[in-house]
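The structure appears right after this line, and notes come after that.
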Amino acid sequence: MRLVEAAPTATIVIVEDEAAIADALAARLRAEGFVVEIASDGLRGVELCERIAPDLVVLDVMLPGIDGHEVCRRIQRDRAVPVLMLTALDGETDLLVGLGIGADDYMTKPFSQREFVARVRALLRRSQRSVEPASKQITAGPVTIDPERREVRRDGRLAHLTPTEFDLVHRLALRPGVVFTREQLLEEVWGYADGSAGARTVDSHVAAVRRKLGADVLRTVQGIGYAFGTPGQASTP
Ligand code: CA
């Protein structure tokens, strides 16, 4: 896989009400050469994103005013921007994962700054990777995947997938029926050097894809991972 180094001038918005955490993360990202702006609540976060159109958003879930879930929805309404969601508890991550709310990745506090920067860089690399050689359109039953337009349709109806959701479906559909482990997917879709962290990030995106495209599109292989299914045919999701 071709990895393009993230542009050092990428702009990152941090939406986090705990000033100590926001300041520490911002200081680290600035030391890495990023331009960073902080918003201390959800509404300010949405306004800031509208104003400066950042390349990536780091978003705390528990915020005063509107919560991270709603912020995520609003900032992605008009343009796709990668979102790294921060949660305070494992249980909270599980809940969000179940909802498949469209964040590109999740980190549970506390986490190391090193891991944080690695995830930020991977997400930025991925969003800059869009100029890949276009591959052929894939048709599987009622589902068509158009890599050139980055569109997926079911029964002709466009499904509004996030860039990461698209990449996940496309990656799996290139090899229908082949089972990918979560670690493989984190490495191949998210671009992580070490796919051992963030397995629930994969589950979250699978949940979102199923909600938008139908449960039969992606098959769970218990204890192993996921495979592109046989949409439109009788099968167990
Ligand atoms: Ca908070």
Please list the three semi-axes, largest first and in whole Å, of the ellipsoid equivalent to the chain, using sqrt of 5 times the eigenvalues of its alpha carbon gyration tensor. 30, 18, 17
Cα centre as origin, Lys/Arg/Asp/Glu Cβ charges: the chain dipole, Debye: 900 debye
Under a 1.4 Å probe, counting only protein heavy atoms, R211 has an accessible area in Å², nearest 10, of 150 Å²
Take the Cα pairs of the stretch 138-228, get the Kirkwood Rh, then feed it into Stokes-Einstein at 20 °C and 1.002 mPa s and tell me D in µm²/s. 164 µm²/s
antiparallel share of DSSP beta bridges within the chain, to nearest 5, in %, is 50 percent
In degrees, nearest ten, helix 199-213 long axis to first principal axis of the chain (Cα): 60 degrees
Helix 90-99 vs. the chain, principal-axis angle (Cα, 0 to 90°, nearest 10): 50 degrees
Relative to the first principal axis of the alpha-carbon coordinates of the chain, what is the inclination of helix 163-173, with its axis defined by its Cα atoms, in degrees from 0 to 90 and to the nearest 10? 30 degrees
Quick one: accessible area per residue over the chain, 1.4 Å probe, rounded to a whole number of Å²? 47 Å²
Report, to the nearest whole %, how much of the accessible area of the stretch 138-228 belongs to carbon and sulfur atoms, 1.4 Å probe, protein only. 47 percent
With unit charges on the beta carbons (Lys and Arg positive, Asp and Glu negative) and the dipole taken about the Cα centre of the chain, which residue among A227, G156, L168 sits farthest to the positive side? G156
Step by step: find N for the stretch 11-129, compute 2.2 N^0.38 Å, then divide the Cα radius of gyration by it. What's the final number? 0.95
Measuring from label point to label point, each 7 Å out along Cα→Cβ, what is the A53 to D67 span in nm? 3.1 nm
Place a +1 charge on the Cβ of each Lys and Arg in the stretch 138-228 and a -1 charge on the Cβ of each Asp and Glu, then give the dipole magnitude about the Cα centre in debye, rounded to the nearest 20. 360 debye
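The values are calculated or read from the model by the stated rules, or taken from the named source; none is laboratory data. On a predicted model such as this, the values are computed, not experimentally measured, just so you know. All Cβ positions, glycine included, derive from the backbone under ideal geometry; neighbour counts span all protein chains shown. Calculation scope for accessible area: heavy atoms of the full protein, side chains included, ligands and nucleic acids excluded. Shrake-Rupley method; radii C 1.70, N 1.55, O 1.52, S 1.80 Å.
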